[in-house]
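To start, the structure under review is shown below, and the notes come after it.
None of the figures in this text is laboratory data; all of them are computed from the coordinates on show. Predicted model, so just to flag it, every value in this text is computed and none were measured. Counting neighbours? That spans all protein chains shown, and the Cβs are built from the backbone with ideal geometry, glycine included.
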Amino acid sequence: MGKAFEDGSISIPEPDRNVTVPPLLVGDSAFPMCTWLTKPYINAVLTPQQRNFNYHLSRARMVTEGLFENCFGILAARWRIFRRAIQAKVETVQKIVPATVALHNYLRQTDTACYCPASFVDSFDGSRNILPGELHRITSVDEGSAYPPIRGSKYRNYAMEVREALKAYVNSERGAVSWQWEYTMLELNF
C-alpha cells in the first residue's frame, strides 16, 4: 500500500491546495514521515501540544490498528509463516495468504473455543482502555521481527509541515475536544 501511495497509483483525491492537510494514513513511530502518512512525535521531551497531538493520533489509530492487529495477530499467532518476512516468490505468497485465511475462517467457524478464545484477542475495559490479548505474548516470543526498517521520504519537510498543521488544529479552539487536556496533563503529571 505504501508503494502505491508513493508512486501515485492508488486512487485518492488530489489534495486541495486551499486546505492545509491532504488525505493521510495514520501510522506509528516505525514509519517514516511521508506526504501520505503522518506519525506521532517521538522526542524524549514533548511539549503539551505535541503530547495532545499524539493523543489524538493514537485515538485515530486505535480503531483501525486494533482491528488489523487482532486480525493479523491471530494469523501470526496461529500460522508461524506470518511472524517474519515471507521468503518466497510473489506468486507463492499470493497462494499462501488466501490458503491461511481460508483455514483461519474454517477453524473460526468450526472450533472457535480452541482456535480463538475471547481472551486471545484485544478487548476494551470499561474506560475504553485496550486490554492486550494472549496473541501478543505468542507473537512477541518468536525469533524477533525480521521486517526491514522503512527508510526515507522524498517529501519529509512537507510531511512535517502537515503534521504541524494537524497539531495546531487539535490544539486550537476549533479542533479541541473538551476532555483532551485532562488526558494530556495526566501523562505529564501536571
Problem - Hz values of 3J(HN,Hα) by residue in segment 25-36 - Karplus curve (6.51, -1.76, 1.60), Gly and Pro given as x - result: 8, 10, x, 9, 5, 6, 8, x, 5, 9, 5, 10
Fill in the blank from the handout: Amide H proximity to Leu37 below 5 Å, modelled H, separation 5+ or other chain, gives Leu25
Exercise for the section: Show the residues, 5+ positions off or on another chain, whose built amide H is closer than 5 Å to the amide H of Ser123. Expected result: Leu131, Gly133
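I'd like the FRET efficiency for Ile130 and Tyr158, computed as 1/(1 + (r/R0)^6) with the beta carbon distance as r and R0 of 35 Å, rounded to 0.05.
0.65
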Practice task
Have a look at segment 68-139 and give its Rg and Dmax from the Cα atoms, expressed in angstrom.
Solution key: 13.7, 45
